[in-house]
Amino acid sequence: MGFIQINALRTPLYGVHKRLGARMTVFSGWEMPVEYSGILEEHRAVRRSIGLFDVSHMNKLEVSGQGTEEFLQRISTNDISKLKLDMVKYTILCRDDGTVVDDVLVLKMLDYYMLVTNAGRKEVLMPWLEEHKPGGINIKDVTLNLACLALQGPKAEKTLTKIAGSLRNTSFFRGSQRRVSGIECYVTRSGYTGEDGFEIYVSKEHAEEIWDSIIEAGEEFDITPAGLGARDTLRLEMGYILTGMDMTSGDNPLEANLEWAIKWYKDFIGKEALLEIKRRGMKKKLVGLRLKEGIPRHGYTIADHRGNKIGMVTSGTISPCLGYGIALGYVDPAFSAPGTGVNVIIRGKPMRGEIVKLPFWEAKR
Amino acid sequence: MKKEIKRKREKPKILEGLYYTKTHEWARVEDGTVIIGITDYAQGELGDIVLVELPKIGTSFSIGAEFGYVESVKAVSELYAPVGGEVVEVNKKLESQPELVNSDPYGEGWMVKIKMNNLEELKKLLSPLDYGKLITELEEE
């Protein structure tokens, strides 16, 4: 028996998903499309040409007021002071002990900073932000007011140019306010698939119009609506983490290979603890692994060839592009070198695999 | 011409002449053996099937027992025996073409053939009509 939780939130594009006959699920309190024509087909369409995703469920916060930049700088592992107008930065927010609150995108807008954060971490993030923000800082939750559409794939620029003007000067992690089919939107060159692509923020009352407009523009390139199922297989092929799955409140960013998002020359909450962890050495390391046969999944044990547990799978699937099982998981650092043979226990049976370098797939971007 | 991008949400097919389980397996009696697979409703609910794990020839199981697994991209699902018996044949095609279960669940997507222990067990299964009622109820939820 299955039923949809009746108090799940709906995005402004819910009507579109129903119209297209999407299979829906509840994800982090949102009623979202898992797939329309099928996960494999949607995944391949994104790599081959273009796909369009509703990602309106992502938490969106407008942060403003006196001292906002200092506040964001203090809570971010990355250097927020480097942001100029219309720039995007990826950062981690940590607690004093170095454990993760959330990973977020920070967008510098004209009158505020926009934080785009994980729907699944909202319950952890919001109280923590409230606790740490100085008086005078205003945090406005605009999640329900703004829709967000992700257009991803090699034909993304050609498609969006038709209705939004030239995007040649919008490089990766840059944004701009512009009209898309005559409607004011904020467009960033960004995404979670590894392909070239854009995330389009628009006021909720124009969401359907923008969706239809993009679909029409993309028809000549066989644009495919794509759901959360393909979103997950695409990001996994790239080795991108999902906070809440691959990195949670008990983990630190060093273990999750995110040292590149930490700028040691600046101050931030959790810095001392992370320096200490770096000095002492990590207890576990997030790695990519592939299997010869079988599909690794969240929670499956990773073992050495003698059957001793050495870790756990955090995210796993079959790679639609590669045709074999791939996973992210934590292992004892002694087993983290690419090429190391490991087993994943699937239904009690050890299935042979090896640690591999990330990404699993070389995307075109 | 505007392309109609619509998910194939046709009514799930139910074949006459088959027996069905509440867990969405079907059984067909043919020349003294019973052929087993999963229904059109089941494959539709699972989505793209990427792996089918079946027992070896000679394996015995009783009615209702777990005899294998079918994996879609996102989920693992157990297969339950409609009747008890011994496996006499396994559909080897599913190793390299698990998608046959999606495209032809009652034909090329068949899973195992068993030698049944007890013909009486067929009486415990659902008729096509009763199975149809079951999935109508499920779709209304």
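The values are calculated or read from the model by the stated rules, or taken from the named source; none is laboratory data. Note that this is a predicted model, so its numbers are computed, not measured. No Cβ is skipped: glycine too gets one built from the backbone with ideal geometry, and neighbour counts run over all protein chains shown.
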Please enumerate the residues belonging to the range B:31-49 that are at the interface with chain A (Cβ under 10 Å from one of its Cβ atoms), over 14 Å from B:Glu78 (Cα atoms) and not in a loop (DSSP other than H, G, I, E, B).
-> B:Gly44
Residue that is farthest from the other protein chains (Cβ to nearest Cβ) [pool: residues in the range A:11-67 that are in a strand (DSSP E or B) and hydroxyl-bearing (Ser, Thr, Tyr)] | A:Ser64
Among the residues of the range A:275-298 satisfying the criterion of being within 18 Å of A:Ile241 (Cβ to Cβ) and more than 20 Å from the chain's Cα centre (by Cα), which is surrounded by the most Cβ atoms within 10 Å (Cβ to Cβ)?
-> A:Pro296
Of the residues A:Leu146, A:Leu125, which single one is within 22 Å of A:Tyr14 (Cα to Cα) and either of a type outside the set (Phe, Trp, Tyr) or modelled with pLDDT of 95 or more (or both)?
-> A:Leu146
Can A:Gly323 be described as among the small types (Gly, Ala, Ser), out of contact with any helix residue (DSSP H, G or I) (no Cβ under 7 Å at 6 or more places or on another chain) and under 25 Å from A:Pro253 (Cβ atoms)?
-> no
Failed criterion for A:Glu354 (all others in (1) surrounded by fewer than 21 Cβ atoms within 10 Å (Cβ to Cβ); (2) not in a strand (DSSP E or B) hold) | (2)
Residue pairs qualifying under the 7 Å Cβ cut-off, at least six apart or on distinct chains, with the first in the range B:1-25 being closer than 11 Å to B:Tyr41 by Cβ and within 13 Å of chain A (Cβ to nearest Cβ) and the second being at pLDDT below 75 and outside any strand (DSSP E or B), are none
Output for the range B:90-107, where each listed residue is surrounded by 15 or more Cβ atoms within 10 Å (Cβ to Cβ) and of a type outside the set (Phe, Trp, Tyr) = B:Val90, B:Asn91, B:Leu94, B:Gln97, B:Pro98, B:Glu99, B:Leu100, B:Val101, B:Asn102, B:Pro105
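Name the single residue, out of those in the range A:181-216 being among the aliphatic types (A, V, I, L, M) and crowded, with 22+ Cβ neighbours inside 10 Å, that is nearest to the other protein chains (Cβ to nearest Cβ). Write out each step before concluding.
Taking the range A:181-216 as the starting set, the residues that turn out to be among the aliphatic types (A, V, I, L, M) are A:183, A:187, A:200, A:202, A:207, A:210, A:214-215.
This time we only want the ones that are crowded, with 22+ Cβ neighbours inside 10 Å, so: A:187, A:200, A:202, A:207, A:210, A:214.
Details: A:Val187: 23, A:Ile200: 19, A:Val202: 21, A:Ala207: 18, A:Ile210: 16, A:Ile214: 12 Å.
This residue is A:Ile214.
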Has the range B:65-88 got at least one residue that is within 25 Å of A:Ile295 (Cα to Cα), under 15 Å from the mean Cα position of the chain (by Cα), assigned to a helix (DSSP H, G or I) and within 14 Å of chain A (Cβ to nearest Cβ)?
-> no
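Name the residue that is farthest from A:Ala337 (Cα to Cα), counting only residues in the range A:299-317 that are surrounded by fewer than 16 Cβ atoms within 10 Å (Cβ to Cβ) and in contact with a Ser or Thr (Cβ under 9 Å, 6 or more places away or on another chain).
So, considering only residues that are surrounded by fewer than 16 Cβ atoms within 10 Å (Cβ to Cβ) and in contact with a Ser or Thr (Cβ under 9 Å, 6 or more places away or on another chain), the one farthest from A:Ala337 (Cα to Cα) is A:Gly299.
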Only residues that are surrounded by fewer than 20 Cβ atoms within 10 Å (Cβ to Cβ) and either within 14 Å of chain A (Cβ to nearest Cβ) or more than 25 Å from B:Glu71 (Cβ to Cβ) (or both): list them for the range B:108-124, please.
-> B:Lys115, B:Met116, B:Asn117, B:Asn118, B:Leu119, B:Glu120, B:Leu122, B:Lys123, B:Lys124
Is it the case that some residue within the range B:12-34 is touching a strand residue (DSSP E or B) at 6+ places or on another chain (Cβ under 9 Å), surrounded by fewer than 18 Cβ atoms within 10 Å (Cβ to Cβ) and closer than 28 Å to A:Ile295 by Cβ?
-> yes
Could you tell me which numbered condition A:Ala156 fails, if it satisfies all but one of (1) in contact (Cβ under 8 Å) with a residue 60 or more places away in the chain; (2) away from chain B (no Cβ under 14 Å); (3) more than 28 Å from A:Ile80 (Cβ to Cβ)?
-> (3)
Does the range A:8-22 contain at least one residue that is hydroxyl-bearing (Ser, Thr, Tyr), in contact with a Lys or Arg (Cβ under 8 Å, 6 or more places away or on another chain) and more than 27 Å from A:Lys364 (Cα to Cα)?
-> no
Pair list, Cβ under 6 Å, 6 or more apart: the range B:68-89 residue modelled with pLDDT under 95, other residue surrounded by 24 or more Cβ atoms within 10 Å (Cβ to Cβ) = B:Lys74/A:Gly229
For the range A:199-221, pairs from a residue that is among the polar types (S, T, N, Q) to a residue that is not in a strand (DSSP E or B), with Cβ under 6 Å and 6 or more apart or across chains, are A:Ser213/A:Ile163; A:Ser213/A:Ser181
Could you tell me whether A:Thr99 is surrounded by 21 or more Cβ atoms within 10 Å (Cβ to Cβ) and more than 29 Å from A:Ile215 (Cα to Cα)?
-> no
Hits in the range B:104-141 - residues which are in contact (Cβ under 8 Å) with a residue 24 or more places away in the chain and among the β-branched types (Val, Ile, Thr) | B:Val112, B:Ile114, B:Ile135
Is there a residue being farther than 29 Å from A:Tyr324 by Cα and free of Cβ contacts under 8 Å to residues at least 24 places away in the same chain anywhere in the range B:31-46?
-> yes
The residue from A:Gly239, A:Gly194, A:Gly229 that alone is in contact (Cβ under 8 Å) with a residue 60 or more places away in the chain and on the phi < 0 side of the Ramachandran plot is A:Gly229
Only one of A:Asp246, A:Asp222 that is closer than 30 Å to A:Glu42 by Cβ, acidic (Asp, Glu), out of contact with any Gly (no Cβ under 7 Å at 6 or more places or on another chain) and more than 14 Å from chain B (Cβ to nearest Cβ) | A:Asp246
